[in-house]
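See structure below.
The values are calculated or read from the model by the stated rules, or taken from the named source; none is laboratory data. Note that the coordinates shown come from a computational prediction; the quantities given were computed from them, not determined experimentally. Neighbour counts run over all protein chains shown; Cβ positions are idealised from the backbone, glycine included. Note: areas computed on protein heavy atoms with side chains; ligands, DNA, RNA excluded. Shrake-Rupley method; radii C 1.70, N 1.55, O 1.52, S 1.80 Å.
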Amino acid sequence: MAGGIERKVINTTHGPDAPHGDFTRVGQRARKIDGIGKATGEAVYTDDIVLPGMLHAKTLRSPHAHAKILSIDTSRALALAGVHAVVVGSEMPVKYGVIPWTPDENALATDKVRFIGDEVAAVAAIDEDTANAALALIDVEYELLEPFFDPHKSLVQSEPQIHETDARGQPYKKGNISKNVLLEFGEVDAAIDGAAHVVEDDYVFHGTAHAPIEPHCAVARFGSDGVLTLWSSTQIPHYVHRALARVLEMPAHRIRVIQPHLGGAFGGKSDPFSLEFCVCKLAMKSKRPVKMLYTREETFYTHRGRHPMEMHFRTACDAEGRVTGVDSKILIDGGSYSSFGLVTTYYSGQLLTGPCHFPTYRFDSTRVFTNKPPCGPKRGHGSVQPRFALEIQLDRLATKVGLDPIEFRRRNLQAENSQTVNGQTITSNGYLECLDVVEEASGWKDKRGKLPFGRGVGMAGSMYISGTNYAVYPNDMPQAGILVKLDRSGLAQVYTGTSDIGQGSSSVMATLVAEELGLRLDQVRVIAADTDLTPVDLGAYSSRITLMAGNASVDAGRKLRKQVQAAVGEHFDIPPQQVMLAEGFAFDREDGERRITSQQAFELTETKFETLAATGSYNTPDRGGDYRGGTIGASPAYSFTAHAAEVSVDTETGEIKIEKFWVAHDCGRAISPVQVEGQIEGSTYMGAAEVVLESHDVYSDESHVEAGLHRRPSLLEYTIPTSLDTPEIDARIVESIDPEGPYGAKEAGEGPLHGSIPAVANAIYDACGIWLTELPFSPGKVLAALRAKQGETSAPSPNGKASADTSVEAIRARLAAAKKGKS
């Protein structure tokens, strides 16, 4: 919940081409344009689509974690009444991957399977029951191979290789290592060795799943005109379009991809998936429309969730508390395929260099393949895990120096209009204001180190990208395009390739166009994510849409605004710049009584300029360091966030309760404050879940009969917070107007997650004097950490609490004494 929303604007300067001094739509508390449709059930999702003669498809999945496929016999399945088509991997042999340098996936396995749940064959039948019955009739002969469940084993053992060939079909020469990145900036060892204070420790971040409410679903129709249409619950229609053309070996112009309403994604629908290729191939074979809907269990095996990481950090500062060097070594468990793994490996280091400045930095990150469900991008892709480690390290340094953690962050600010140690350009930066806001809102000075034993507050900070500076595949074309058409009715139609996955991007596009053209939101209609109708947009990932597609929307709207002003100015016999557009009217800025409706204004404009339409586009400025990988993690602008958390720890049971979060997020200009608050709350909620509840893992004992099976592939077993488990979240908006964003806007969808996790860890230290370094924080880990401190006789902790002896027995004795004193 958002408590007492505060918006703190750092710089209110408008751009030189801003339509007018005061915004009429931007910054207003409006509902999402599709909100009522979703709430009433009118919104059409992929599984709601029913086409005449439609078949239903199901996938045969591997029961083995690692095995060669010796033979597949589908004859018995094809003979079953009601079965119309069967497809196997040999019919779609071309490999694909969302990253063009690492295409290592097949729509269906061809030569081997690499995890339990890997897709082997697919059947289209009159209903799901018949399709499932047909799957049981497919005969597959396997030759079992040694599996890899431990990333340390994958790091040192090359045989048997999980992937034998590279993208060019040549022998893969890196064993079971997916990617290694080693980058060093400055003399790190000298800086750390000569520092006054050094903290060194190991951290473990577990795997977690996205758990969107809507599972994956796809529907395909192969028309009599030879056009293949796919409806899919994807967040990257453009990349799916490209992948279909590649794998199906069809001309791209004969393929159409449509994204209906989407029931959540969080990064989990950022890859092309097997079901999208299978329904297309089955529709082509059967000459009937085909739908495939994954079960919840299948969604867990499809995965692409948060990468587990084991991280070793050394962090140093001088006697005054200024960081001198950061050194990290990270082992990343990538699962069975590459997905976004190349980028993940870079992000694990490249995205840590703010908001804290450090003059020397090294990271050595290695991603390995294992025979587990493939990992990919989850909200805050690649940097949530190392941010957890770094922000705890910073708190521990602050403790050594004797500084308040917030003051320590202030002292190490990466300033605005600066470059980070790895060459990233920081434009606007509202981090200091974020720190001020959470410090005041949380009552930090009255609570830090002053609450009763077992209760504490902690904080953390973070920085995140507003879109990647370069497209996933190299090209010089725009990253985002928009088409706006004006109708004689006074309606503006916005055609955008952006994917609204629940974050409200369509509402943002509508708001920006309405602002430029002086319209009410009901006068703007958005047509989105249809590759036949809309200009290319690269998708909903890396928090790119508001900045990139938003700039394109402003570009298109501004072109039309100038035409409307020219036509109305001619009609009023006044200069065009004296014409103001607002609230569905065009009027004389100096005489408000002289006005006409937008409908009349558009008719005048069409008379003068003919049919009214304009395109807008956006491409990024040059960004990034001049070295290999220097552009990965580069962004036109960065958001900044500060979290404060208050927790209580039951030192008898080990249970952790997150009482409340205070979150201040610098999103640049808040185009829609309600949506920004929702993103802050949703991100923080997901972080809280990862701290104490969620865990996506498989049975990893190779001798175990269930080795490779998912431990909890349902929402009954995979625990996510209900409304009763969710702490209060006080969301605050800081607006550092950014020169690169539309009206100064930056991202809000992923940045507010990062700091929530280490803020809890730091609050636990304040509560009972223990540093927890392995997620999730279970009661058993709390009690083990308390027992580990038994017998210590160190000086009192910085918060004045009795950290000399925090054994369970000592804690119980103190609690008993406290109760006796009260009685």
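Observations on the structure shown:
- The relative contact order of segment 478-618, computed from alpha carbon pairs under 8 Å that lie at least 6 residues apart in sequence, is 34 percent.
- The ellipsoid that matches the Cα gyration tensor of segment 478-618 has semi-axes, each √(5λ) in whole angstrom, of 28, 14, 12, with the longest given first.
- Dipole of the chain, positive direction: furthest Cα of F363, A43, V26, with charges on the beta-carbon: A43
- Virtual paramagnetic centre 7 Å along Cα→Cβ of T722, amide N under 19 Å, in segment 676-699: 685-686, 688-690, 692-695
- Protection-proxy order for peptides 676-683, 337-344, 128-135, each taking the mean of Cβ atoms within 10 Å per residue, highest first: 337-344, 676-683, 128-135
- Under Karplus coefficients 6.51, -1.76 and 1.60, residue-wise ³J(HN,Hα) of segment 481-491 in Hz, glycine/proline x: x, 9, 10, 10, 10, 9, 9, 5, 6, x, 9
- Whole-Å semi-axes of the ellipsoid equivalent to the chain (Cα gyration tensor, √5λ, descending): 42, 39, 23
- 3J(HN,Hα) couplings calculated from phi for segment 767-777 with the Karplus curve 6.51 cos²θ - 1.76 cosθ + 1.60 (θ = phi - 60°) are, in sequence order, 6, 8, x, 10, 9, 9, 10, 10, 8, x, 7 Hz; Gly and Pro show x.
- Between Y699 and K445, the FRET efficiency estimated from the beta carbon spacing at R0 = 35 angstrom works out to 0.15.
- Alpha-carbon centroids, segment 522-561 and segment 20-51: separation in whole Å: 15 Å
- Expressed to the nearest 5 percent, the antiparallel share of DSSP beta bridges inside the chain is 75 percent.
- Proximal aspartates and glutamates to K174, defined as alpha-carbon separation beneath 19 angstrom and excluding residues fewer than eight positions away on the same chain: D104, E105, E146, D150, E159, E164, D166, D333, D364
- With Cα atoms defining each centre, segment 591-650 and segment 112-134 are spaced 43 Å apart in the structure.
- Put the Cα centre of segment 420-478 next to the Cα centre of segment 337-397 and the gap is 16 Å.
- Computed accessible area, D591, all protein chains, 1.4 angstrom probe, square angstrom: 60 Å²
- Taking 28 Å as the limit for the C-alpha separation, the pairs K95/K291; K95/K378; K660/K746; K378/K559; K68/K95 exceed it in the case of K378/K559.
- At the residue level, K68 shows approximately 90 square angstrom of accessible surface with a 1.4 angstrom probe and all protein chains present.
- Once both labels are positioned 7 Å from their Cα atoms along Cα-to-Cβ, the gap between D127 and R488 label points is 5.2 nm.
- Cβ-Cβ FRET estimate between R76 and Q790, R0 fixed at 60 Å, reported to 0.05: 0.40
- Relative contact order for the chain: 16 percent, from Cα pairs under 8 Å spaced at least 6 residues apart, divided by residue count.
- Taking every DSSP helix (H) stretch of at least 4 residues in the chain, weighting each as -39,500 (n - 2.57) and dividing the sum by the residue count yields a mean residue ellipticity at 222 nm of -8500 deg cm²/dmol.
- Computed over segment 204-275, Kirkwood Rh from alpha-carbon pairs, angstrom: 13.2 Å
- Put V647, V156 in order of accessible area, highest first, and with a 1.4 Å probe you get V156, V647.
- Among beta bridges that DSSP assigns inside segment 203-362, antiparallel share in %, nearest 5: 80 percent
- Ordering V123, S90, L80 by the projection of their Cα atoms onto the charge dipole of segment 80-132, which places +1 on the Cβ of Lys and Arg and -1 on the Cβ of Asp and Glu, puts S90 at the extreme positive end.
- For R594, nonlocal amide neighbours, meaning residues 5 or more places apart or on other chains whose placed amide H falls under 5 Å from its own, are D588.
- In a fully extended conformation the segment linking H312 and S90 would gain 75.6 nm over its present Cα-Cα distance, using 0.36 nm per residue.
- Ordering S700, C434, A601 by Cα displacement along the dipole of the chain toward the positive end leaves S700 in first place; charges were set at the Cβ atoms of Lys, Arg (+1) and Asp, Glu (-1).
- Extension reserve of the D622-S418 stretch, reckoned as 0.36 nm per residue once the Cα distance is removed: 72.0 nm
- Eligible lysines near K285 by straight Cα distance, threshold 19 Å, same-chain separation 8 or greater: K58
- A full extension of the chain between L144 and K38 corresponds to an added length of 33.5 nm, given 0.36 nm per residue minus the alpha carbon distance.
- Net charge dipole, the chain: roughly 380 debye, given to the nearest 20, about the Cα centre with Cβ charges of +1 for Lys and Arg and -1 for Asp and Glu.
- Per-residue 3J(HN,Hα) values for segment 425-442, derived from phi via the Karplus relation 6.51 cos²θ - 1.76 cosθ + 1.60 with θ = phi - 60°, read 8, 9, 8, 7, 8, x, 5, 4, 5, 4, 4, 4, 5, 6, 4, 6, 5, 7 Hz in sequence order (x marks Gly and Pro).
- Stokes-Einstein D for segment 109-225, Kirkwood Rh over Cα pairs, 10 °C, 1.306 mPa s (µm²/s): 78 µm²/s
- FRET efficiency, 1/(1 + (r/R0)^6) with R0 22 Å, evaluated for D22 and D573 via beta carbons: 0.30
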